[in-house]
Amino acid sequence: MIILDGVGDRPIKKIGKKTPLEKANTPNLDKIAKNGINGIMDPISPGTRPGSDTAHLSLLGYKPKETYRGRGPFEAAGTGIDIKENDICFRVNYATKKDNKIIDRRANRIKKTKEISKSIKNNIKNIEGTEIIFKDSTAHRAALVLRGEELSDKITRSDPKETNKPPEKMEPLEKDAEKTARILKKFIQRAERVLKNHPANKKRKKQNKLPANTLLLRGAGKTPDVQNFQKKYGLKGTIISATGLIQGIGKIIGLDVVQPKGTTCGYDSNLNNKSKATKKALKNNDFVLLHIKGGDEVSHDGDYKKKIDFLENKVDSAIGNVLESINNRFLTILTADHSTPISIKDHSADPVPLSIMGEGTRTDEVKSFDENTYQGGLCRIKGKNLFPISLDLINKTHKFGA
Ligand code: ZN
Ligand code: ZN
């Protein structure tokens, strides 16, 4: 399964009312469409604007409405914390506070936080009998997990989302969340004490950089109870991604997670290494999900030229490399998790193209991978239909009825 994050789009006037996928020259992507069966897909349902996380869950056959309880657990799992059912998880930003106002939500986009995160971890291990697990992630990001009894994720964030505002109070949204609110308040106070005179911040001061003197929490969520992927489908699987959120989804459903060297969430990602990792994973897995994020990033920036360039010059050859080693044992599913139209610089509910190629699959008249794949034999389906359809194409479904 190849997921080109945010690759779907809307027609762009400047390129003759074509979409980036229509405009880009992508012979390898088109090869899958030409030799397979095609359609378009509403990742969640028509009119629902998906997040990358909820869309991926849906495409993997998990009901997002039941399994998604906030971004925190997926981000926390993505940092490598071994999260457990009922853990309360948060996304964390290192930030700068002055006179009780947040003056930078990312502390000058602080890059290295390993050292200060270690200090927080070592100084704050338990509050009111609740285990505190803290871990740094990329750049200014980190994750916080509360593990214990009588905890709730029904709690507001502390991140004010804007600068020059005081951090918000983490308010309980239900009576059962009062203890959690108290613990979080104490945690932030204690973390601020650790950060205040930390050598890393003294060093930043000398370099005229803003200190990372507070933490902003958001994305509260309880770790969902999800069925293990291998148990659900009888397939051993691996996910190849450089995106923490997607890696977290992989970890929570029990897939192996690989981040190849030099790969990022952006245009600069080393897709050659992603192809190599995919080829390697195909040797000892039944299912491999190759996630490529760059198309979404350039779309959020509104850069259609870069989107076309990324598809033509980076994605297409990477997929070409992967196709070389896909044998009859595998079905190739090429799609996106959602559309990210250049014109709105955000995700939209526009359905995404879908092509499925494999030994014995039907073919249709569609010759290229773009937003016109609805003319193919799959017509228009929902994300939740993708896994059952794919399992049936490899003869792994059970008969309904006699
Ligand atoms: Zn996405
Ligand atoms: Zn996005």
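Numerical summary
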{"item": "Residue tally, condition out of contact with any Ser or Thr (no Cβ under 7 Å at 6 or more places or on another chain), assigned to a helix (DSSP H, G or I) and not aromatic (F, W, Y), over segment 258-314", "result": "17"}
{"item": "Answer from S368, S390, S348, S355 - the residue that is in contact with a strand residue (DSSP E or B) (Cβ under 7 Å, 6 or more places away or on another chain), of a type in the set (G, A, S) and closer than 19 Å to P11 by Cα", "result": "S348"}
{"item": "Residue identified as more than 16 Å from ligand 1 (Cβ to nearest atom) and either in the same structural domain as N28 (by TED's automatic domain parsing) or closer than 17 Å to V288 by Cβ (or both) among K314, K307", "result": "K314"}
{"item": "Residue in segment 266-289 that is modelled with pLDDT under 95 and within 14 Å of the chain's Cα centre (by Cα) present", "result": "yes"}
{"item": "Filtered residues of segment 298-322 (kept if buried (at least 19 other Cβ atoms within 10 Å of the Cβ) and touching a residue at least 40 places away in the same chain (Cβ under 8 Å))", "result": "S299, Y304, K307, I308, F310, L311, K314, V315, D316, A318, I319, V322"}
{"item": "Candidate set from segment 33-51 (those that are part of a strand (DSSP E or B) and not hydrophobic (A, V, I, L, M, F, W, C)); member that is farthest from ligand 1 (Cβ to nearest atom)", "result": "N38"}
{"item": "Verdict on D42 being assigned by TED's automatic domain parsing to the domain that holds K367 and either surrounded by 21 or more Cβ atoms within 10 Å (Cβ to Cβ) or farther than 19 Å from C379 by Cα (or both)", "result": "yes"}
{"item": "Enumerated strands (runs of 3 or more DSSP E) restricted to segment 73-163, each holding at least 3 residues that are out of contact with any Gly (no Cβ under 8 Å at 6 or more places or on another chain), closer than 18 Å to H198 by Cα and not aliphatic (A, V, I, L, M)", "result": "88-98"}
{"item": "Yes/no for S119 being of a type in the set (S, T, Y), out of contact with any Lys or Arg (no Cβ under 8 Å at 6 or more places or on another chain) and over 24 Å from I240 (Cβ atoms)", "result": "yes"}
{"item": "Evaluation of P341 against (1) under 22 Å from L378 (Cβ atoms); (2) within 16 Å of ligand 1 (Cβ to nearest atom) (one fails), failing number", "result": "(1)"}
{"item": "Counted residues, segment 269-300 - those being more than 23 Å from V352 (Cα to Cα) and of a type in the set (G, A, S)", "result": "2"}
{"item": "Among the candidates I239, I249, residue that is buried (at least 18 other Cβ atoms within 10 Å of the Cβ), among the β-branched types (V, I, T) and part of a helix (DSSP H, G or I)", "result": "I249"}
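The values are calculated or read from the model by the stated rules, or taken from the named source; none is laboratory data. Quick caveat: nothing in here was measured; it's all calculated off a predicted structure. Note that each Cβ is placed from the backbone with ideal geometry, even for glycine, and that neighbours are counted across all protein chains shown.
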